[in-house]
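Here is the structure we will look at.
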């Protein structure tokens with residue numbers, strides 16, 4: 001057991017107690033800061049607030065009778081604090097504070113912070129700039145208006161004057177389409193931190209953004225936080241909730257950290273994915289709690305046009321010590337993955353009450369650049385997940401998703417429209433109280449999944465298992481208590497796989513070239 | 001002459017023609033009225049005309065969608081009936097304006113499964129040696145407005161076809177007055193829909209508009225093309 005530094009700012013330190021559990025620690029423990037302040041904790045990742053800039057702290061963890069080796073850490077330097085109330089923000093839940101907060105942001109010098117103190121600040125969109133720390137204090141809420149006519153619009157594409165190139169700003173479900181600007185937006189910026197115990201509340205409900213959600217009204221719905229073409233961005237500590245659509249949407253950005261973030265949207269809200277990195281690289285998600293109405297994390301790389309044009313996959317992503325619950329999928333890859341997804345590792349996480357654990361959604365037509373490779377899940381506990389593993393190569397939820405071309409189970413000649421799935425690994429996974437099936441895996445008959453590994457897997461079913469549909473594809477019928485179904489796979493590795501209480505065969509393999517045990 | 005007076009006069013003298021082609025004057029009159037369906041001064045002119053046209057007339061096909069969108073649900077059956085007729089007797093000689101109907105049908109009623117076919121027809125039309133760019137641009141810009149942008153590849157494909165055709169049109173020495181009306185319509189609409197840069201092209205569209213309006217009583221002017229142009233002009 002060890003106390004490790006995860007992240008720090010001038011006012012906060014985030015620590016990790018290793019080997020203490022998955023998201024929650026197996027027992028409560030104490031963090032003692034400079035032998036004076038004591039915090040009781042029950043999470044592996046803990047944020048310590050109210051620290052002073054450029055000061056050394058000694059942090060000890062007391063686990064039962066054991067004192068873990070102390071961690072010494074010096075907070076970052078800080079020049080000035082710009083309190084938004086000094087810039088004219090009211091924070092009274094009524095006044096439009098957008099301009100006051102924006103003024104503080106634009107006026108903020110390097111190595112400084114914009115502080116949003118306790119209060120409710122009504123805003124439309126605020127825009128972040130480079131070298132900025134925005135701190136939302138405990139009790140501070142950036143509360144968004146919901147009148148769409150108040151929001152700026154980001155055009156999907158703007159032609160260059162010589163008409164040879166185009167500039168993309170707006171995006172909707174993988175295509176360059178007009179959207180409202182995010183409630184918090186950063187474009188072409190770097191070195192940004194949003195930190196603190198406060199909240200960004202999209203205030204979406206079924207009378208505004210979630211009403212007729214699939215109809216474009218003026219423009220497509222905003223993201224709660226939209227980070228486009230940025231570098232070195234960290235979100236830490238904050239709560240984000242009631243998002244109009246996808247909650248956190250990093251887009252063509254790199255070096256991103258999401259640490260101890262709380263993402264909350266109602267289970268029945270529309271398209272309110274938690275975190276959707278799209279064509280991003282070097283992404284880490286640590287200690288984050290996600291409870292949403294769609295996919296908790298959805299890894300993407302554009303629909304056909306953007307994927308084919310820019311060929312920027314999402315790659316080098318780590319998710320660990322996170323808790324994901326109540327969504328359709330805990331971690332989803334797809335469906336907008338035209339430029340592929342590579343090198344993703346999900347480890348030491350809890351998945352609870354989601355429809356699926358891992359969910360891969362793809363289909364013919366995503367294109368030859370849509371290559372999914374080296375995606376691994378390790379040390380995951382799942383509880384009450386309908387189907388822990390779903391790989392669907394016939395996903396039908398596009399406007400043209402129910403065509404014969406997409407849904408045919410017969411081989412279709414491979415061409416530049418054919419996507420591919422290479423190596424998927426599931427290791428050390430305990431899935432309790434499942435309902436529909438242990439796994440439902442379908443590759444394409446003309447391009448099989450290269451290698452699918454299940455190792456040290458335990459699956460049990462709920463006493464009163466519900467029935468449901470494992471994958472959104474034509475031909476996948478409602479079922480309950482099914483085992484592993486795998487179709488169109490080159491090599492299926494099953495090492496120490498225990499499925500208790502399924503109906504029928506524990507493993508059904510169709511068009512699988514090789515099964516290794 | 002005021003727009004509404006001109007349009008009303010044309011509507012009142014509408015002849016239920018037996019000449020049944022997509023791009024004839026009647027078709028464009030009805031389309032123009034459709035494009036003006038939010039122009040309150042005209043009331044229910046289009047609805048009243050559409051209901052008098054036999055359902056299998058191609059020239060009422062495109063405009064029927066505007067009536068359908070206003071809640072006239074029985075028109076949906078008329079459109080489906082026409083589509084069934086077309087599927088049975090698809091005519092390779094259909095002109096460019098047929099593409100508008102196919103695009104609208106696919107988006108509104110066809111499930112979008114046949115966008116690839118529609119796209120192929122647009123491409124084939126673009127490659128015809130006798131292409132009339134003003135007519136073709138009209139067909140494309142209406143297609144762009146109708147197509148589901150979520151299937152972006154087709155939307156982008158139509159944008160490219162429009163830009164290519166516009167470049168060709170600009171090179172043409174002289175346009176007749178109907179071509180000018182359709183060019184004005186499609187250029188102005190393309191600017192409004194941000195398909196082309198308004199900064200570069202809107203003035204050309206407005207110039208063409210003024211030229212047509214200056215000769216609005218010309219016997220050579222297709223009245224439907226004029227109404228379509230006027231409908232777009234109301235938005236600029």
TODO: Scan the stretch B:177-199 and give yes if some residue there is buried (at least 16 other Cβ atoms within 10 Å of the Cβ), touching a strand residue (DSSP E or B) at 6+ places or on another chain (Cβ under 6 Å), assigned to a helix (DSSP H, G or I) and within 14 Å of chain A (Cβ to nearest Cβ), otherwise no.
DONE: no
Task: Failed item, numbered, when residue B:85 is tested on (1) in contact (Cβ under 8 Å) with a residue 24 or more places away in the chain; (2) in contact with a helix residue (DSSP H, G or I) (Cβ under 8 Å, 6 or more places away or on another chain); (3) closer than 30 Å to residue A:406 by Cβ - done: (2)
TODO: Scan the stretch A:449-462 and give yes if some residue there is over 19 Å from residue A:507 (Cβ atoms), in contact with a strand residue (DSSP E or B) (Cβ under 9 Å, 6 or more places away or on another chain), crowded, with 23+ Cβ neighbours inside 10 Å and more than 14 Å from chain B (Cβ to nearest Cβ), otherwise no.
DONE: no
- [ ] Please enumerate the residues belonging to the stretch A:75-95 that are within 30 Å of the chain's Cα centre (by Cα) and without any contact (Cβ under 8 Å) to a residue 60 or more places away in the chain.
- [x] A:84, A:91, A:93
Open item on the list: So, in the stretch A:1-23, how many residues would count as being surrounded by 16 or more Cβ atoms within 10 Å (Cβ to Cβ) and assigned to a strand (DSSP E or B)?
Closed with: 11
TODO: Might you let me know whether the stretch A:200-219 holds any residue that is touching a helix residue (DSSP H, G or I) at 6+ places or on another chain (Cβ under 6 Å), within 14 Å of chain B (Cβ to nearest Cβ), under 23 Å from residue A:275 (Cβ atoms) and surrounded by 19 or more Cβ atoms within 10 Å (Cβ to Cβ)?
DONE: no
Task: Qualifying positions in the stretch A:188-216 - touching a strand residue (DSSP E or B) at 6+ places or on another chain (Cβ under 9 Å) and within 23 Å of residue A:304 (Cα to Cα) - done: A:216
Open item on the list: Can you go through A:510, A:490 and tell me which one is surrounded by fewer than 16 Cβ atoms within 10 Å (Cβ to Cβ), out of contact with any helix residue (DSSP H, G or I) (no Cβ under 6 Å at 6 or more places or on another chain), modelled with pLDDT of 95 or more and under 30 Å from residue A:414 (Cβ atoms)?
Closed with: A:510
Open item on the list: Quick check on my filter: what residues within the stretch A:169-182 are assigned to a loop (DSSP other than H, G, I, E, B), more than 8 Å from chain B (Cβ to nearest Cβ) and without any contact (Cβ under 8 Å) to a residue 60 or more places away in the chain?
Closed with: A:169, A:170, A:178, A:181
Task: Selected residue [assigned to a helix (DSSP H, G or I) and away from every other protein chain (no Cβ under 14 Å)] from B:135, B:154 - done: B:135
Open item on the list: Among the residues of the stretch A:121-155, what is the count of those that are within 14 Å of chain B (Cβ to nearest Cβ) and crowded, with 23+ Cβ neighbours inside 10 Å?
Closed with: 1
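Yes/no per residue for (1) touching a helix residue (DSSP H, G or I) at 6+ places or on another chain (Cβ under 7 Å); (2) modelled with pLDDT of 95 or more; (3) under 23 Å from residue A:435 (Cβ atoms):
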residue: A:367; (1), (2), (3): yes, no, no
residue: A:370; (1), (2), (3): yes, yes, no
residue: A:378; (1), (2), (3): no, yes, no
residue: A:385; (1), (2), (3): no, yes, yes
residue: A:391; (1), (2), (3): no, yes, yes
residue: A:401; (1), (2), (3): no, no, no
residue: A:405; (1), (2), (3): no, no, no
residue: A:410; (1), (2), (3): no, yes, no
Open item on the list: Being out of contact with any strand residue (DSSP E or B) (no Cβ under 9 Å at 6 or more places or on another chain) and within 14 Å of chain A (Cβ to nearest Cβ): is that true of residue B:117 here?
Closed with: yes
TODO: Determine if the stretch A:411-432 includes at least one residue that is within 14 Å of chain B (Cβ to nearest Cβ), surrounded by fewer than 20 Cβ atoms within 10 Å (Cβ to Cβ) and closer than 17 Å to residue A:329 by Cα.
DONE: no
TODO: For residue A:38, state whether it is modelled with pLDDT under 95, under 27 Å from residue A:323 (Cα atoms) and loosely packed, with under 13 Cβ neighbours inside 10 Å.
DONE: yes
- [ ] Consider residue B:141 carefully, then state whether it is within 25 Å of residue B:222 (Cβ to Cβ), within 14 Å of chain A (Cβ to nearest Cβ) and either surrounded by fewer than 14 Cβ atoms within 10 Å (Cβ to Cβ) or under 14 Å from the mean Cα position of the chain (by Cα) (or both).
- [x] no
- [ ] Tell me which residues, restricted to the stretch B:122-132, are touching a helix residue (DSSP H, G or I) at 6+ places or on another chain (Cβ under 8 Å) and either within 14 Å of chain A (Cβ to nearest Cβ) or modelled with pLDDT under 90 (or both).
- [x] none
- [ ] Could you check how many residues of the stretch B:214-228 are closer than 21 Å to residue B:172 by Cα and assigned to a helix (DSSP H, G or I)?
- [x] 2
Open item on the list: For residue B:231, only one of the following conditions fails: (1) within 14 Å of another protein chain (Cβ to nearest Cβ); (2) in contact with a helix residue (DSSP H, G or I) (Cβ under 6 Å, 6 or more places away or on another chain); (3) at pLDDT below 95; (4) in a helix (DSSP H, G or I). What is its number?
Closed with: (1)
- [ ] Tell me, please, whether a residue that is away from chain B (no Cβ under 14 Å) and in a strand (DSSP E or B) can be found in the stretch A:156-168.
- [x] no
Task: Selection status of residue B:107, part of a helix (DSSP H, G or I), under 30 Å from residue B:81 (Cβ atoms) and within 14 Å of chain A (Cβ to nearest Cβ) - done: yes
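The values are calculated or read from the model by the stated rules, or taken from the named source; none is laboratory data. From a predicted model like this one, the values you see are computed outputs, not experimental measurements. Don't worry about glycine lacking a Cβ; one is built from the backbone with ideal geometry, like all the others, and counts go over all protein chains shown.
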